[in-house]
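A short reminder: the numbers here are calculations on the coordinates, not readings from a lab. Model, not experiment: these values are computed from the prediction. Methodologically, a virtual Cβ is constructed for each residue, glycine included, from the backbone with ideal geometry; neighbour enumeration extends over all protein chains shown.
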Amino acid sequence: MPSRWTWPALLACLLVLGALLAVADAALLRPLLPQPEPVRSFGPDGRPPALPRVVFGPGLLFGFGFGARQLDFGYGGLVSTVVVVLLLCLAAVVALPGRVRVAVERLEAPRGMVRAYAAGVAAALMVAAVSLLFRYTFLLIGIAPLLWLAAALATVFGLACLGLYAGRRLARRLGGVHPLLAALAGILLILDAALVPYLGWLFAAAAALVGLGLAAMTRFGSPRGWSLEELRWHPETTTPEEA
């Protein structure tokens, strides 16, 4: 196969594989998950039925008790979620190329993946602990969604960096290509692995922790990175005019 067709063929195969894995997920996992109750226009007593409570999400874990419809797990919802994550990751690569490069360089350093995973576990435990504490407060409970949003944005940024990292490793074997296409291939590879029935959620959780940790320890790709040495600084020398 000519080299110019290698990457297009790879992207096409990853897209087809992702679609097939989504079909398998929807077919195999849907019977195992609770399904939405049928909505009736009026209940037996003539009143509109109450909305069922949320089945998945932070509200179930931390007891916030948000009222919402049950999430319907199906092929359409699964593909939509994957497409949204893919577009957000590509947007991060396009909007923050310099920061993504710094984060990928940290990931390519010796034991970079292990450090990112450890940082991700610590960050996830911190978010869970703080969210649980917010449950018992009155004034700070409204900050919890902002905390989850920040964690989600950090995870998306980290997944974008992880995708470019995987794409660069593919480029070493398949030949050079535009960085955006390499990032696209790497992100698709990660999403396809996350769609593997029954076991994909383990890889998805590990990738999310690595992404969260990478964003945390690099401060979203800041050139200076994160270090406790930031707490140690020396006062600037006073000039004669300031004295």
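Couple of notes before you dig in:
- Three-way shape call for the stretch 131-176 based on the alpha-carbon gyration tensor, with the a/c threshold at 1.5: prolate
- Electrostatic dipole magnitude of the stretch 87-181 [Cβ: Lys, Arg +1; Asp, Glu -1; Cα centre; debye, to 20]: 340
- Remark: the Cα gyration tensor places the stretch 73-144 in the oblate category, a/c being 1.5 or greater and a/b not exceeding b/c.
- For the stretch 142-230: rounded, prolate or oblate by the Cα gyration tensor [a/c cutoff 1.5]: oblate
- Segments 160-171, 176-187, 81-92 sorted - mean Cβ within 10 Å per residue, highest first: 160-171, 176-187, 81-92
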